[in-house]
Structure formats: structure tokens, C-alpha cells
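Novice: Take this structure first; my questions come after.
The values are calculated or read from the model by the stated rules, or taken from the named source; none is laboratory data. Treat the numbers as computed from the prediction; the structure is a model and nothing was measured. As a convention, Cβ positions derive from the backbone with ideal geometry for all residues, glycine included, and neighbour counts pool all protein chains shown. The accessibility values were calculated without ligands, DNA or RNA, using every heavy atom of the protein model including side chains. Shrake-Rupley method; radii C 1.70, N 1.55, O 1.52, S 1.80 Å.
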Amino acid sequence: MQQAQAQGLPTATTGDVTPEPVREGIDLIVNGERFRHTGDPLMPLLWYLRDVLRLTGTKLGDAHGEDGYDLVLVNGKAVSAIKRPMARLAGARVTTVEGLAHADGSLHPLQQAFIDEDAIGCGYCTPGWLIAGIDLLTRKPKPSDEDIDKLPNRCRCGVQTRVRRAIKRAAGVKA
Ligand code: FES
């Protein structure tokens with residue numbers, strides 16, 4: 001330290017610095033924020049989102065993730081969050097329904113189209129439809145009815161026809 005002082009370098013007393021071990025974990029980005037998961041690597045992404053980050057927009061449908069309720073975007077693609085373990089998300093960029101609106105608070109065009117077409121019943125399935133719809137519009141900017149009907153999503157309130165109209169509205173396609 002004396003040598004540092006002699007050279008005019010900044011010094012610190014030994015009590016100022018506490019060495020900390022590096023916590024190993026799985027680094028990922030969720031809705032633009034960086035996180036490190038240090039728990040069970042086999043935890044499904046859905047529980048990490050809902051129970052750890054408290055992002056409860058993504059819902060559980062069936063335990064096999066085949067009805068679209070639990071879809072999120074992983075690196076831009078719709079993925080079942082109940083089927084995806086944290087171990088497979090190192091370096092991933094995850095977007096949930098909470099991350100769809102723009103920073104200025106304006107809605108994603110598909111969210112706005114759902115409102116405009118009144119395509120929301122109880123709302124339980126809506127986050128999954130939005131994620132599946134965005135994935136579809138990325139792959140196919142002008143989707144047909146058939147393309148939309150092939151999505152895995154299910155709705156118990158019977159709003160599928162209005163969802164179809166909303167996706168086509170966002171695509172600028174006549175319903
Ligand atoms: S709006 Fe209720 S399950 Fe789809």
C-alpha cells in the first residue's frame with residue numbers, strides 16, 4: 001500500500017473489500033432484463049417466470065404444454081414454457097406477454113388488434129395466443145385462416161373466430 005501511495009495510486013484499507021465467490025448459474029434475458037438462475041437447472045421455465053420472477057401472465061394449460069397457454073418467445077420463437085427446462089436457456093432471450101408492449105407504454109400491434117376485434121373472453125388463453133400470433137406473423141407475414149387454425153392454442157371461451165380476425169387485422173389482411 002505504501003508503494004501505491006508513493007506512486008499516487010488510489011488505496012483501500014483491507015476492511016473495505018470482501019472477497020465474494022462467483023455464483024454459478026444460468027444467465028438469461030427476460031423482457032430485456034438480465035437474470036441469473038442459481039437454482040435447479042431442471043426447473044421448467046414456466047415456474048421460473050411465475051414463481052421466481054412473478055411474471056404471471058404466462059399460464060399453465062395441460063401438463064404437456066400442448067394447448068398453447070404456456071407459450072413464450074425464446075430467441076424469437078414460440079416455445080412451451082412448461083416443457084423447457086432452465087438448463088436449456090443459457091444465453092437465451094425470453095419474451096413473455098409482459099414484455100410485448102413498447103417502452104413508451106404503447107401496445108404491440110397484435111395486442112391492439114385483439115382489443116379492436118374484441119378477441120378476449122376470460123383472458124386465460126390470451127397471452128398464449130399473442131405469443132403464437134407474433135411467432136406466426138414473423139414466419140408468415142400474411143397468414144391464411146388455415147395457418148392460424150394450425151396454431152396449437154385452444155380457447156374454452158370460444159373466441160377463436162375473433163382471434164383469427166385479430167391476427168389478420170395485425171397482418172393487414174382482410175378477414
Ligand atoms: S378467452 Fe377464456 S379460455 Fe380463451
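Novice: List the residues whose amide H sits under 5 Å from the amide H of residue 60, counting only those 5 or more places along or on another chain, with H placed 1.01 Å from N in the peptide plane.
Specialist: Correct list: empty.
Novice: Based on DSSP loop calls and a cut-off of at most 16 other Cβ atoms within 10 Å, the longest stretch of the chain free of exposed trypsin sites (Lys or Arg not before Pro) is what? It would help to have the intermediate numbers written out before the result.
Specialist: Numbers: sites that count: 23, 54, 83, 150, 154, 156, 174.
No qualifying site falls inside 84-149, the longest such stretch.
Novice: Let me ask something else about it. So if each residue of separation counts as 0.36 nm, and I subtract the Cα-Cα distance between residue 29 and residue 106, what length gain in nm does that give?
Specialist: On the way: separation 77, 0.36 × 77 = 27.72 nm, distance 2.16 nm.
25.6 nm is the gain from fully extending residue 29 to residue 106.
Novice: Oh, and also: Largest first, what is the accessible-area ranking of 155, 122 with a 1.4 Å probe?
Specialist: Working: 155 20, 122 100 Å².
If we order 155, 122 from most to least accessible, we get 122, 155.
Novice: Next up: So for the chain, what percent of the C-alpha to C-alpha distances run longer than 22 Å? The partial results should precede the final answer.
Specialist: Working: 7757 of 15225 pairs.
Tail fraction, whole percent: 51.
Novice: Sticking with this one: Report the FRET efficiency, 1/(1 + (r/R0)^6), for residue 149 and residue 51, where r is their Cβ-Cβ distance and R0 is 22 Å, rounded to 0.05. Show your work: numbers first, answer last.
Specialist: Numbers: r = 33 Å, r/R0 = 1.51.
That gives a FRET efficiency of 0.10.
Novice: Here's something else I'd like to know. Restricting things to Cα coordinates, could you compute the convex hull volume per residue of the range 131-175 in Å³?
Specialist: Spread over its residues, the Cα hull of the range 131-175 gives 65 Å³ apiece.
Novice: Using r as the Cβ-Cβ distance of residue 90 and residue 3, and R0 as 41 Å, what FRET efficiency do you calculate, to the nearest 0.05?
Specialist: Working from the Cβ atoms, E equals 0.45.
Novice: Here is a further query. Once you put a point 7 Å from the Cα of residue 11 and another 7 Å from the Cα of residue 140, both along the Cβ direction, what distance in nm separates them?
Specialist: With each label point 7 Å from Cα toward Cβ, the separation is 7.2 nm.
Novice: Would you list 80, 106 from the most to the least accessible area, probe 1.4 Å? Mind dumping the intermediate values first?
Specialist: Numbers: 80 15, 106 50 Å².
Largest accessible area first, the list is 106, 80.
Novice: Hey, if we sort 66, 117, 20 by accessible area with the 1.4 Å probe, largest down, what's the order?
Specialist: The ordering from most to least exposed comes out as 20, 66, 117.
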